[in-house]
Amino acid sequence: MLGVTARPPTLVGRRSVSVAAIQRFAESIIANVEQVIVGKRDVIESLVVALLCEGHVLMEDVPGVGKTMLARALAVSLGVDFRRLQCTPDLLPSDIT
């Protein structure tokens, strides 16, 4: 070793939250989305889990089953912006940002 000490990573901007508070938050989001999307609780729960884990979700299904409406309802429940992105062969990275 050359005198370098390892430091644990810092969690800048993060705070400690109880598991019960996270569970209440998740349940409130799920209940709110279920007012719009009926019968897809497992999908809604998966979306909320992905959000809490700071992950990504790719929703694939046949046309007309409510994928866009689900994403819009989730965005409204969280109070964030929603924009639909049509993935076409000529899509560029600058079109997304």
_Considering only residues that are hydrophobic (A, V, I, L, M, F, W, C), exposed (fewer than 10 other Cβ atoms within 10 Å of the Cβ) and in a loop (DSSP other than H, G, I, E, B), which ones fall in the stretch 73-97?_
80, 85, 87, 92
*For residue 37, state whether it is in a loop (DSSP other than H, G, I, E, B), at pLDDT 90 or above, in contact with a Leu (Cβ under 8 Å, 6 or more places away or on another chain) and closer than 16 Å to residue 73 by Cβ.*
yes
_Filter result for residue 51 (surrounded by 12 or more Cβ atoms within 10 Å (Cβ to Cβ) and either in contact (Cβ under 8 Å) with a residue 24 or more places away in the chain or of a type outside the set (S, T, N, Q) (or both))_ = yes
*Counted residues, the stretch 42-61 - those being of a type outside the set (D, E, K, R) and outside any loop (DSSP other than H, G, I, E, B)*: 9
*asked:* Quick check on the stretch 62-72. Is at least one of its residues under 20 Å from residue 25 (Cβ atoms) and part of a loop (DSSP other than H, G, I, E, B)?
replied: no
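The values are calculated or read from the model by the stated rules, or taken from the named source; none is laboratory data. From a predicted model like this one, the values you see are computed outputs, not experimental measurements. Glycine gets a Cβ as well: all are built from the backbone with ideal geometry, and neighbour counts include every protein chain shown.
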